[in-house]
Amino acid sequence: MSWQAYVDTNLIGSGKVSKAAIIGLKGGVWATSAGFTLTLEEQKAILNGFIHSDAVLARGIRLHGEKFFVVRADGRSIYGKKTADGAVLVKTKQAVIVTEYLAPIQAAESTPVVEGLADYLISVGY
């Protein structure tokens, strides 16, 4: 399956993710949903957020120009919130899955979809 198919089918196609991208740990966007652009600065901040969780908890994170307050950050996952919308970012062995969900979708619906894809990618070496 192509990286774009993971975004289109597994994430957006689930109906529980509104916007998504997959970025490489060594840099670069592997796939993205239509209109969801992550600047180079945003990509670097995402990758650093998994290393320096205290900093991202204090400052939040920007995705596609929008700021999310970070409610959880560790070496695997970053969860963000902005009004009724939110973000779920999960690191695998070689990439980060970056997603947003828009109300009425809730964190409890979106998070298992993103975490589940991350578990699968990890299990196959990515």
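The values are calculated or read from the model by the stated rules, or taken from the named source; none is laboratory data. Computed from a prediction, not measured in an experiment: that's the story for all the values here. Don't worry about glycine lacking a Cβ; one is built from the backbone with ideal geometry, like all the others, and counts go over all protein chains shown. Remember, those area values only see protein heavy atoms, side chains included, never the ligands or the DNA or RNA. Shrake-Rupley method; radii C 1.70, N 1.55, O 1.52, S 1.80 Å.
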| note | Apart from one, (1) on the phi > 0 side of the Ramachandran plot; (2) open to solvent by 40 Å² or more (accessible area, probe 1.4 Å) all hold for TRP3; the odd one out is (1)
| field | Selection from the stretch 66-88 of residues that are among the small types (Gly, Ala, Ser) and under 14 Å from the mean Cα position of the chain (by Cα) | value | ALA73, GLY75, SER77, GLY80, GLY86, ALA87
| What pairs can you find where one residue is in the stretch 80-97 and within 18 Å of SER123 (Cα to Cα) and modelled with pLDDT of 95 or more, the other is acidic (Asp, Glu) and open to solvent by 10 Å² or more (accessible area, probe 1.4 Å), and their Cβ atoms are less than 8 Å apart, with a gap of 6+ or different chains? | VAL90/GLU115
| remark: Considering residues that are among the polar types (S, T, N, Q), part of a helix (DSSP H, G or I) and closer than 20 Å to ALA34 by Cα, the number found within the stretch 75-126 is 1
| said: With the requirement that a residue be open to solvent by less than 40 Å² (accessible area, probe 1.4 Å) and within 10 Å of SER53 (Cα to Cα), what does the stretch 66-88 give you? | reply: VAL70, ALA73, SER77, ILE78
| query | Tally time: how many residues in the stretch 89-126 are surrounded by fewer than 17 Cβ atoms within 10 Å (Cβ to Cβ), polar (S, T, N, Q) and under 14 Å from the mean Cα position of the chain (by Cα)? | reply | 1
| field | Every residue from the stretch 14-34 that is open to solvent by 60 Å² or more (accessible area, probe 1.4 Å) and over 19 Å from LYS91 (Cβ atoms) | value | LYS16, ALA34
